[in-house]
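J.: Dropping the structure in here first, questions after.
The values are calculated or read from the model by the stated rules, or taken from the named source; none is laboratory data. Please read these numbers as outputs of a predicted model, since none were measured by experiment. Cβ atoms come from the backbone with ideal geometry, glycine included; neighbour counts cover every protein chain shown. To get the accessible areas, we keep the full protein, side chains included, count just its heavy atoms, and leave off ligands, DNA and RNA. Shrake-Rupley method; radii C 1.70, N 1.55, O 1.52, S 1.80 Å.
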Amino acid sequence: MSDSDRTGPSTRAVHAGEGARDLNAPVVNPIVLSTTFYNAPDGEGPVLYQRYGNAPNHVLAEERVAALEGAEDAVILASGMAAMACAVLSVVQAGDHIVATEAIYGGTRALLETELPRLGITATFVDMFQPGWTDAFRPNTKLVMGESPSNPLLRVMDLAALAHESHARGATVIVDSTFASPLNCRPLEHGVDLVMHSATKYLGGHSDVTAGVIAGSRARVKAVRDRAKVWGPALDPHAVWLLERGMKTLALRMERHNANGLAVAAWAETHPGIARVHYPGLVSHPDHETARRVLHGFGGMIGLEIAGGGPAAAKFVRALKLAKLAPSLGGVETLMSEPRYTSHAAMTPAQREANGIRDGFIRVSLGIEDAADIIADLEQALAVVAAGAGAEERTGVAAD
């Protein structure tokens, strides 16, 4: 057992991967910008190269991700999609079939629907929250892909059951755990083979770095790294350094995200201007009991359905003062987005409706501000919506 195995998550987030404490060594890991490094003339030892992801900044940050996930190894790449693509291609090849959750990130769905078929790889999307989803397996099914909590409905999967059903049929399991972070869920502990994060989100945590990570066994991560060497989605060492710095405060940030999530969700569920709240920490959420078993915290992501649908949502986001209307999530600032224009814009309105994403849906990424201030901003924005609706009722004319 390594030292990191015996320490708590906050300690691992700060110290995992650090080398020997030599006299006069810097406390903060320096950025090493060199693209190449001296190697042994006799061919012994590894060849260090930034594109290989084995330069000093990468090695330290990857060890930290692995420690947080309870994994043997991890690889850091240039984005979450780069990480997911290389992970998928490390498992499947021409002629293989994938079973994926219907509730999957739009970019991943595009990869499965538009890019992989060109390589002779097919995919079937299923509702993994309904019995019988395993009927989609075929003799050539090699991979099962899940996402938990899902974007944007925050559905939480029974990961142990997912892994059991998939392994019984000879399939590898990859789970996108971006919304949870390693502090709220560690899928490998439930039997998942590879876990992916868009490190742009909670791992980085400050909306200033784009990155992706894959963690798992040494052999599986090596297979991902081998594909990355060929496809070339290396992350710049300065960006890796930013990611490492962000991870140092992950545990503290997640405590606040979790607390704000519970506070705002509880308030929103009682507000007449909000038709429905999607948050796994609420008893009303369909996966609340599963979330209590699988998650260590319910997170800082909330789905709000604004009463009045699309027109009301448009007024709502324009009235926000503290929260910012912007895509992405997991930063220290509160961000709002409308999936119909961002993550799920490629779907038709009917497809979004069928997947529970109605016009009027607002995805909220709660930051680390004071919960009272976030609630006050939402309250005043909803008051603007209500005032506009009242003016329309009195005049019979749509208000600006």
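J.: Between ARG186, ARG118, ARG138, which is open to solvent by 30 Å² or more (accessible area, probe 1.4 Å), under 13 Å from the mean Cα position of the chain (by Cα) and at pLDDT 95 or above?
T.: Going through ARG186, ARG118, ARG138 in turn, the sole match is ARG186.
J.: Take the residues in segment 315-327 that are in contact (Cβ under 8 Å) with a residue 24 or more places away in the chain and aliphatic (A, V, I, L, M); name whichever of them is nearest to VAL384 (Cα to Cα).
T.: ALA319
J.: From GLY303, GLY330, which residue is part of a strand (DSSP E or B), touching a residue at least 60 places away in the same chain (Cβ under 8 Å) and of a type outside the set (A, V, I, L, M)?
T.: Exactly one of GLY303, GLY330 is part of a strand (DSSP E or B), touching a residue at least 60 places away in the same chain (Cβ under 8 Å) and of a type outside the set (A, V, I, L, M), namely GLY303.
J.: Please count how many residues of segment 224-247 are hydrophobic (A, V, I, L, M, F, W, C), touching a Lys or Arg at 6+ places or on another chain (Cβ under 8 Å) and in a helix (DSSP H, G or I).
T.: Counting residues in segment 224-247 that are hydrophobic (A, V, I, L, M, F, W, C), touching a Lys or Arg at 6+ places or on another chain (Cβ under 8 Å) and in a helix (DSSP H, G or I) gives 1.
J.: May I ask you to list the residues in segment 91-112 that are at pLDDT below 95 and either assigned to a strand (DSSP E or B) or open to solvent by 20 Å² or more (accessible area, probe 1.4 Å) (or both)?
T.: Answer for segment 91-112, where residues must be at pLDDT below 95 and either assigned to a strand (DSSP E or B) or open to solvent by 20 Å² or more (accessible area, probe 1.4 Å) (or both): GLU102, ALA103, TYR105, GLY106, GLY107, ARG109, ALA110.
J.: What are the residues in segment 54-90 that are surrounded by fewer than 23 Cβ atoms within 10 Å (Cβ to Cβ) and in a loop (DSSP other than H, G, I, E, B), if any?
T.: Selection gives ASN54, ALA55, GLY70, GLU72, ALA78, SER79.
J.: Check TYR279 against each of (1) in contact (Cβ under 8 Å) with a residue 60 or more places away in the chain; (2) over 25 Å from ARG256 (Cα atoms) and name the one condition it does not meet.
T.: TYR279 satisfies all of (1) in contact (Cβ under 8 Å) with a residue 60 or more places away in the chain; (2) over 25 Å from ARG256 (Cα atoms) except (2).
J.: Pairs under 6 Å by beta carbon, first residue closer than 20 Å to ARG245 by Cα in segment 23-52, partner open to solvent by 60 Å² or more (accessible area, probe 1.4 Å) and β-branched (Val, Ile, Thr), six or more apart or different chains?
T.: Every condition considered, the pairs that remain are GLN50/THR35.
J.: Are any residues in segment 380-400 modelled with pLDDT of 95 or more and either open to solvent by less than 30 Å² (accessible area, probe 1.4 Å) or within 20 Å of MET301 (Cβ to Cβ) (or both), and if so, which ones?
T.: Once the filter is applied, which keeps residues that are modelled with pLDDT of 95 or more and either open to solvent by less than 30 Å² (accessible area, probe 1.4 Å) or within 20 Å of MET301 (Cβ to Cβ) (or both), segment 380-400 yields ALA381, LEU382, VAL385.
J.: Looking only at segment 248-285, which residues are assigned to a loop (DSSP other than H, G, I, E, B) and either open to solvent by less than 80 Å² (accessible area, probe 1.4 Å) or touching a strand residue (DSSP E or B) at 6+ places or on another chain (Cβ under 6 Å) (or both)?
T.: LYS248, THR249, GLU269, HIS271, GLY273, TYR279, PRO280, GLY281, LEU282, SER284, HIS285
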